[in-house]
Every structure is written in C-alpha cells, then in structure tokens.
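Only one structure is covered here, and it is reproduced in the block below.
Bear in mind that the values in this text are calculations on the coordinates, not laboratory data. All of these numbers come straight from a predicted model, not from anything done at the bench. Methodologically, a virtual Cβ is constructed for each residue, glycine included, from the backbone with ideal geometry; neighbour enumeration extends over all protein chains shown.
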C-alpha cells in the first residue's frame with residue numbers, strides 16, 4: 001500500500017515511527033508534534049519503553065503514564081508495561097476485585113512480564129483506547145505520534161494479530177486484536193513512517209524493513225525521513241581552488257592552511273558518501289523522502305526541533321505539488 005497524499009500526513013489519527021537506534025527518531029517525532037500544534041492541532045506523543053527521550057527534548061522534569069502537557073501545545077506520555085497491563089486488566093476482567101488481586105500478585109506479574117506478547121497486547125490495547133478518546137464529538141488527540149522502539153519491536157507489534165490468530169478464540173482479546181488490525185490497516189487513520197541516517201548500516205536496515213513491510217503488511221506507508229545529512233555549503237567554483245590552495249600551503253610550509261584544505265576534502269568525501277546513501281534510499285524505497293540536514297549543534301533547543309518539524313512538513317507539501 002503506497003502513500004496516499006504526502007501533505008496529509010498530519011491528518012492521520014495514528015502516526016507510527018520506527019528506525020534503528022540513534023537515527024534521531026525521537027527528535028523527528030517531537031518536531032512533527034510541535035509543527036502539528038503550531039497548526040492548531042492537539043498532538044499526543046506516545047513514547048514506548050524506558051528511554052525517556054522526550055523529557056530531555058522538552059526540558060520537563062518527568063513524563064508519566066498519563067498524558068500531560070510538555071509545552072507549546074504538545075502532550076506526551078510514557079507507555080510503560082505496568083500501566084498498560086493495569087488498564088488492560090481493568091478493562092477486560094469484569095470483576096474489579098479479581099483484577100486487583102491478579103495485579104497485586106507478584107508471581108503473576110513476573111509471569112506477565114516474561115510471557116511472550118503480553119506487553120505488546122497491553123500496548124495495542126492502550127493505543128486503541130487513546131485513539132477512541134473524544135472531547136465532545138472531536139478526537140481528544142489529533143494526531144497521536146507513537147515513538148516505537150527499534151525496528152524489531154515495530155515488526156513484532158505489526159505481526160501480533162497474525163501470530164495470535166490461531167491461539168485465541170472469541171472473546172475480549174480477539175475483539176481487541178481485530179479492532180487494532182482494522183485501525184492499523186485503515187490508510188485514512190494510520191501510517192507507518194521510517195526514520196534513518198544516510199549511512200551504510202542504518203540505510204541497509206531501512207531498506208530491509210521496507211522490503212518486509214511491502215511483502216508482509218498492509219499498513220499504509222507514510223514518509224521516509226533521512227536525518228542528519230551532512231551539509232557543506234561550498235559552490236563548484238570554490239572547489240576549484242582546493243588544489244591551488246594545497247600547493248600554496250606546501251610551498252609556504254603553511255601547516256594551518258594545509259590542515260584546513262585537508263579537513264575540507266574529508267568533509268566533501270563524507271558528504272559524497274552520504275549523498276550516495278540518500279540516492280540509494282530514494283531508489284529502493286517508494287515513499288516520499290524528507291531530507292533533513294545535519295545540525296551544527298548536537299544539543300538542539302526546542303526552537304531547533306520545532307524548525308526541523310516545520311521543514312519536514314514543508315518538504316512533504318512541496319512533494320505533493
């Protein structure tokens with residue numbers, strides 16, 4: 001299933017983001033949430049696992065299980081196992097006293113933590129509940145941006161309904177899995193986005209993930225965010241001076257000038273290699289590519305993150321025209 005309309009990414013109810021660790025996925029998610037809020041929406045960032053990256057990005061003291069404002073119209077929450085399991089048990093075990101006893105049993109909780117798929121089931125249950133929440137007749141969250149764990153966990157979530165197909169009969173679990181499958185496979189509501197770097201290993205993993213998505217899943221594919229592309233603003237005319245500058249540096253025994261020329265050459269090599277990976281990704285992956293330049297500072301301010309989100313959405317809007 002292909003991307004329907006790049007400019008309408010923020011119109012989807014559930015935006016999933018995955019990518020290899022360290023590619024800047026959380027920064028992209030935060031930037032898009034900030035841009036969504038700037039456009040008058042009410043975005044919710046859902047961070048899975050125990051990474052707590054959003055706390056650092058937004059400069060807040062804590063982000064808990066319940067959605068809370070983190071600034072500039074954005075809300076965020078940490079979808080951790082205990083809270084998701086508690087919600088699942090309270091929703092599906094109709095006897096409150098029994099649900100409380102199950103949750104209070106240490107041995108059972110350890111079993112749930114170790115048992116395969118329990119965490120994923122609880123996670124899907126919570127995401128479905130968040131998508132259904134309303135403020136009057138309107139959705140409470142618009143959109144929900146899910147910062148998934150690494151690519152393997154994303155595939156596990158997408159595969160869950162199919163894996164469990166022959167293991168569960170009729171009942172609440174079956175209805176929950178079927179409901180989330182409908183949500184995942186509705187291109188009007190849900191899109192999966194990929195975030196990567198223009199480097200060998202992240203690019204290769206992203207191509208492999210895309211191939212699996214095409215062959216195994218119906219989920220609509222959103223945008224490909226290629227992050228941290230090296231920028232070196234040197235025009236072609238300036239490049240012609242590198243060799244003469246090197247010759248002059250050697251003739252004058254100017255160590256500093258020689259070093260500057262060498263640094264420039266290395267930066268050009270890095271940029272050329274990155275551009276090669278960008279071309280490879282654009283050729284192999286049929287998704288609108290958002291190309292985001294590497295930032296000068298490794299510690300981005302919230303204004304920097306907001307500018308990144310604005311630039312990303314602007315590129316998607318241009319790609320529609």
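What the table shows:
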| read-out | value |
| --- | --- |
| Burial order of peptide ranges 197-210, 10-23 (average beta-carbon count within 10 Å, highest first) | 10-23, 197-210 |
| Theoretical gain in end-to-end length, residue 135 to residue 8 [0.36 nm per residue, Cα-Cα removed] | 43.5 nm |
| Residues 180, 241, 81, sorted so that the one with the fewest Cβ neighbours within 10 Å comes first | 241, 81, 180 |
| Packing-based order for 37-44, 189-196, using average beta carbon neighbours within 10 Å, highest first | 189-196, 37-44 |
| Rounded FRET efficiency, nearest 0.05, which uses the C-beta distance separating residue 293 from residue 250 and R0 of 30 Å | 0.35 |
| Over region 192-290 - Rg/Rh using Cα atoms and the Kirkwood inverse-distance radius | 1.21 |
| Burial order of peptide ranges 248-260, 283-295, 119-131 (average beta-carbon count within 10 Å, highest first) | 119-131, 283-295, 248-260 |
| Length gained when the stretch residue 273-residue 185 is fully extended (0.36 nm per residue, less Cα-Cα span) | 28.0 nm |
